[in-house]
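Participant: The structure's right below; bear with me while I get my questions together.
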Amino acid sequence: MSRFEIYSPEGLRLDGRRWNEVRRFECSINTHAHAADGSSYLEQGNNKIITLVKGPKEPSLRSQANSLKATMDVSVNITRFSKFERSAISHKNERRVLEIQTALLRTFEKNIMLHLYPRTQISIQVHILQQDGGMFASLINGITLALIDAGIAMYDYVSGISIGLFDTTPLLDVNTLEENAMSTVTLGVIGKSEKLSLLSVEDKIPLDRLESVLAIGIAGAHRLRDLMDEELRKHAHKRVIKASTK
Amino acid sequence: MSDVISVIKRQSGLKYASIDNDEMENFSSDEDVPMVDIDGKSNGGKRNEAAAGEIVTPGELITEDPIWMRGHGTYFLENSTYSSAAGTISRVNRLLSVIPLKGRYTPETGDHIVGRITDVGNKRWKVDIGGKQHAVLMLGSVNLPGGILRRKSESDELQMRTFLKEGDVLNAEVQSLFQDGSASLHTRSLKYGKLRDGLLIQVPSSLVVRSKNHTHNLPGNVTVLLGVNGFIWLRKTSKMDVARETPSAGPASDISEGPTGAKSLNPTNSVSITRLEEESSWKIYSDKNDPSITPSIRQNISRYANVIKALAFCEIGLTHERIVIGYEASIAYSNIGELIEREVMESIGDDVINIEKMRGNGATE
Amino acid sequence: MAKEIITPVAESKFILDALKENQRLDGRSFDKFRDVDISFGKEYGDATVTLGKTKVQCRVSCSITQPYEDRPFEGLFIISTEMSPMAGPQFENGSNTGDDEVLCSRIIEKAIRRSGALDVEGLCIVAGSKCWAIRADVHVLDCDGGIIDASCLAVICALLHFRKPDVSILGEQVTVHPINEREPVALGILHIPICVTFSFFNPQDVEENIKGAGNNEIAIIDATLKEESLRDGVLTVTLNKNREVVQVSKAGGLPMDALSLMDCCHKAYDITERITDQILALIKEDSQKRNKFAQILSSENAR
């Protein structure tokens, strides 16, 4: 793929977006009311992710119980059919997946009020049905929604976004084609602040460009937070109306 | 991928002073793209005060007024109070809290609950009550065969499984709460104990409202136990249930008081609770269902179960009256299996609300 | 990282209180990287890096193998990180699947292999059928914090130091010349990535961290094991001398202000510059030492 196509001189990207536009973002919560305490279904561009949160519940092993706070675990299931070509191997024990799980766990550990739920366990399961770039970021958004749906006390939203750097132009919310063609940065932003819980750069980026990438990333993450907030309020509103007819 | 609908991010000036955003500004000013503005109502940080009953989401500023005491679902920094859950604001006197839209059952002392034994341990049973942690039922908090005042002996400890074992369902009352919020139960009343002759359904605990009475005899020879924790037991109405119902209008309705209460029962009642108790003895822990449950009662039980599922689907709070109304509305469907089809559940939900409004008690509760 | 090391409550409080007063147990300032000591073994591709009490050895070896089918022009490069109980009781024998072990080996992998520090195309001998497989084995000999930084240094030093035997190709015939026959060839190293790890501490309440405007979080460079066991968050930045960010990893932990993180990156660059110069000087010194030896040999032969 020639670099020309990624970002045209007219300022258009492969899918017709401009540099500062995020992809279609649709989410719903409480999608699996019977299977889990909190659940969400998220579509960010062509990423499709189901997240289930179970708990706080009695730990499955007594050794997992901590008398001061809840224990957490995250498991990420990248389905074999999630990419264009069906993968021949299971992704379960790949180091990359283990790394993502650990990073997600550590991101949310600091954002959930674990001390409110001693001797319990909160387990998060993520199923990736389809992936199209910026998957890690979408996982963060999915988990945030599911945790809020489960009624688990959190300090604030965490919204994830990935930003690519094309030459000198940062491109917000990259898809697979863009992700493969250039260096990307993934951020996990706390609420409307400029605090980063997660920051991951996996390819070379000029040090002097990093700051502008972070800035646009934070702005994009705030946008996603608003979109999630909007959906959540819509849902909450529906529930409140229903409850008032009781 | 041209069908991707994009949402345009307003580039509202990067907040960093030190950023070289020359080219960025060029972009945003040159290409003035139409902006989709949806964040009209969701910018929580800008409001100073959120009214009671209003919906808040995590991280949202509720108030900057330091007079409020911070309750559940909130956290604070200096004078500002923030929400930590998605829910509605509740202000009781000076106490400010956020009631989450959803969440597991939180036990409170005195709650009538239905639970399932998960573990038999040292002088105690662990009971799954759908809460954050399993509740504890101490051997000393149950009635054992052979009279209420009997002392618990070592042999009782050894044969705990003959009373209650893993998988058994029982109803009980929350006796006390531990420091970490987990509950200790007791079944020291004849209305509590092992459950038989029916089936268990689970609904969100928020749908069952705490009230004086949680056991109701329904038309069709079915009795429902609405556990506050959202566990619901439906069973064939037993003699005990009938006995309990008859004097319920009288002054001596508080059987829960134990043996004295049971004795003061209406003497005109044909079956005395004390006698029942003597008769039951070992039977209160029996695993045998009543052999006389007829197919029609079984059908009624499953009809009620599906009505409750339908009401829960529509997120309608469960009360005695509503279950009965729902049952009556469901008679229109002869096939019980039909009741859990989506459209039917919705229509039953609508029926219940409409009928209740017509009867004029819709606004209460 | 220290899973099984439990610092007494009083001691941890002491360390945190000291940090709040700008003091560290070993008297370093917050942004002082411990002195790096690099020594090379007798043979090519053997480097030992000492960072305070942390000691990491890396041994690079090579063999000839078949390239991957989808990449016929590229050689193989494998980094294996071994953390045995020798380094400390917190590491389990044989299982390298602990959270920290995985993060550590992933970061080294990203910093060196994924960033293309080694020119793998230069490892090709005969396209599609023969290539060099370079293997770097990292052993943590002693651990007092900063394993990632030390391991990354060890790998890059060993790679710079390594010489692979020369080969000559005649049609399909490939001859490998032992190193005592012909001067061995150095690997193609495209850039020198240096990892710098920052540890974050929150001196105040969580609420202040999330909602406050103060940004009073403490960031220290190159924490010792005790500090690591108490930290709230960690950031590993990998940079090279060309002002390129090779890899950044902040896998959750304490939320930090974006500008503070940028500040960390700039601090890391200064350290990177210094250490890169140090490595290059040492490599030069080492090769001169070996050359001198060779010159004496050659002069003897000439006589």
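Bear in mind that the values in this text are calculations on the coordinates, not laboratory data. This one's a predicted model, so the numbers in the text were calculated from it and none came from an experiment. Don't worry about glycine lacking a Cβ; one is built from the backbone with ideal geometry, like all the others, and counts go over all protein chains shown.
Participant: Find which of C:S61, A:V76, A:I216 sits farthest along the positive direction of the dipole of the protein assembly as shown, computed with +1 on the beta-carbon of Lys and Arg, -1 on that of Asp and Glu, about the Cα centre.
Facilitator: Ranked along the dipole, the leading option is A:V76.
Participant: Using the structure shown, list the pairs from A:K204/C:K53; A:K195/A:K238; C:K42/C:K164; C:K42/C:K110; A:K195/C:K267; C:K164/C:K289 with a Cα-Cα distance above 22 Å, or answer none.
Facilitator: Numbers: A:K204/C:K53 31 Å; A:K195/A:K238 32 Å; C:K42/C:K164 15 Å; C:K42/C:K110 29 Å; A:K195/C:K267 19 Å; C:K164/C:K289 18 Å.
Cα-Cα > 22 Å for A:K204/C:K53; A:K195/A:K238; C:K42/C:K110; rest within.
Participant: Among residues other than C:S287 whose Cβ falls under 13 Å from its Cβ, what is the net charge (Lys/Arg +1, Asp/Glu -1)?
Facilitator: Details: positive: C:R163, C:K284, C:K289, C:R290, C:K292; negative: C:E183, C:E285, C:D286.
Around C:S287, the charge tally is +2.
Participant: Alpha carbon centre of segment C:8-58 versus segment C:133-163: separation in Å?
Facilitator: Segment C:8-58 and segment C:133-163 have Cα centres spaced 16 Å from each other.
Participant: When you count, for each residue, the other Cβ atoms within 10 Å and take the mean per peptide, how do C:143-156, A:29-42 rank with the highest first?
Facilitator: Per-residue Cβ counts within 10 Å, averaged per peptide and sorted highest first, yield C:143-156, A:29-42.
Participant: Would you please put B:213-222, A:16-25, A:152-161 in order of how densely packed they are, using the mean number of other Cβ atoms within 10 angstrom per residue and starting with the highest?
Facilitator: Going from most to least packed, we get A:152-161, A:16-25, B:213-222.
Participant: How far is helix C:147-161 tilted off the main Cα axis of chain C, in degrees rounded to 10, range 0 to 90?
Facilitator: 20 degrees
Participant: Under 14 Å from the 7 Å Cα→Cβ point of C:N215, by amide nitrogen: which residues of segment A:212-243?
Facilitator: Counting backbone N atoms under 14 Å from the label point, the list is A:212, A:214-215.
Participant: Please name whichever of C:I79, C:S129, C:A213 sits farthest to the positive end of the charge dipole of chain C, dipole taken about the Cα centre and charges placed at Cβ: Lys and Arg +1, Asp and Glu -1.
Facilitator: Towards the positive end, the residue furthest out is C:S129.
Participant: Then there's this: Taking the Cβ of B:E78 as the center, what net charge do the other residues with Cβ under 10 Å away carry, scoring Lys and Arg +1 and Asp and Glu -1?
Facilitator: Every neighbour counted, the sum reads -2.
Participant: Could you pull out every residue, at least 5 positions away or on a different chain, whose amide H is within less than 5 Å of the one on C:D144? Hs are placed 1.01 Å off N in the peptide plane, and Pro or chain starts have none.
Facilitator: Distant-sequence amide H within range of C:D144: C:T54, C:K55.
Participant: Shifting gears a bit: Spin-label point model (7 Å from Cα, Cβ direction): what's the A:H237 to C:A133 distance in nm?
Facilitator: Going by the 7 Å Cα→Cβ label model, 6.2 nm.
Participant: In what sequence, highest mean first, do C:60-71, A:225-236 appear when ranked by Cβ atoms within 10 angstrom?
Facilitator: Details: C:60-71: 14.9, A:225-236: 20.8.
Going by the mean number of other Cβ atoms within 10 Å, highest first, we get A:225-236, C:60-71.
Participant: I want to make sure I understand the PRE zone here: with the label point 7 angstrom from the Cα of A:R62 toward its beta carbon, which residues in segment B:113-127 have backbone N atoms less than 20 Å away?
Facilitator: The answer is B:116-127.
Participant: Hey, got the average number of other protein chain Cβ atoms within 10 angstrom for residues in A:97-110?
Facilitator: Other-chain Cβ atoms within 10 Å of each residue's Cβ, averaged: 5.
Participant: Using Cα springs under 10 Å in a Gaussian network model of chain A, which residue among A:R119, A:R86, A:R209 shows the largest mean-square fluctuation?
Facilitator: A:R86
Participant: Give me the one-decimal nm value for the distance between modelled label points at C:Y68 and C:D166, 7 Å along each residue's Cα-to-Cβ direction.
Facilitator: My value for the distance between the label points is 3.2 nm.
Participant: Report, in cubic angstrom per residue, the convex hull volume of the C-alpha atoms of the protein assembly as shown.
Facilitator: 222 Å³
Participant: Take every DSSP beta bridge whose two residues both sit in the protein assembly as shown, then give the antiparallel share in percent to the nearest 5.
Facilitator: 85 percent
Participant: Near C:L239, within a Cβ-to-Cβ distance under 11 Å, what is the net charge of the other residues, with Lys and Arg +1 and Asp and Glu -1?
Facilitator: On the way: positive: A:K204, C:K241, C:R243, C:K267; negative: C:E244, C:D270, C:E273.
Charge balance near C:L239 sits at +1.
Participant: How far is helix A:135-149 tilted, in degrees, relative to the longest principal axis of the Cα atoms in chain A, given as a value from 0 to 90 rounded to the nearest 10?
Facilitator: Orientation of helix A:135-149: about 30 degrees from the principal axis.
Participant: For chain C, what is the mean residue ellipticity at 222 nm derived from helices alone (per DSSP H run of n ≥ 4: -39500 (n - 2.57); sum divided by total residues; nearest 500 deg cm²/dmol)? Display every interim value, and only then the final one.
Facilitator: Values: 6 runs with 94 residues, N = 303.
The helix-only estimate for chain C comes to -10000 deg cm²/dmol at 222 nm.
Participant: Among the lysines in segment A:23-136, how many pairs, 8 or more places apart or on different chains, have alpha carbons under 30 Å apart?
Facilitator: Lysine pairs, 8 or more places apart or on different chains, close enough: 15.
Participant: Let me ask something else. Under 24 Å from the Cα of B:K239, which lysines turn up, not counting those fewer than eight places away in the same chain?
Facilitator: List returned: B:K191, B:K194, B:K212, B:K263, B:K283, B:K288.
Participant: Tell me, what are the semi-axes, in whole angstrom and largest first, of the equivalent ellipsoid of chain C as set by the roots of 5 times the Cα gyration tensor eigenvalues?
Facilitator: Values: eigenvalues 327, 83, 63 Å².
The equivalent ellipsoid of chain C has semi-axes of 40, 20, 18 Å.
Participant: A further question on this structure: Among DSSP bridges having both ends in chain A, what percentage is antiparallel? Round to the nearest 5.
Facilitator: 85 percent
Participant: Let me ask something else. Quickly work out the A:N46-to-C:R113 label distance, labels modelled 7 Å from Cα along the C-beta direction, and quote it in nm with one decimal.
Facilitator: Going by the 7 Å Cα→Cβ label model, 2.8 nm.
Participant: Related question: How big is the charge dipole of segment A:144-211 about its Cα centre, in debye rounded to the nearest 20, if each Lys and Arg gets +1 on its Cβ and each Asp and Glu gets -1 on its Cβ? The partial results should precede the final answer.
Facilitator: Working: 4 positive and 11 negative charges, 39 e Å.
So the magnitude is around 180 debye.
Participant: Let me ask something additional. Any chance you could give the angle, 0 to 90 degrees and rounded to 10, that helix A:95-109 forms with the longest Cα principal axis of chain A?
Facilitator: Helix A:95-109 sits roughly 60 degrees off the main axis of chain A.
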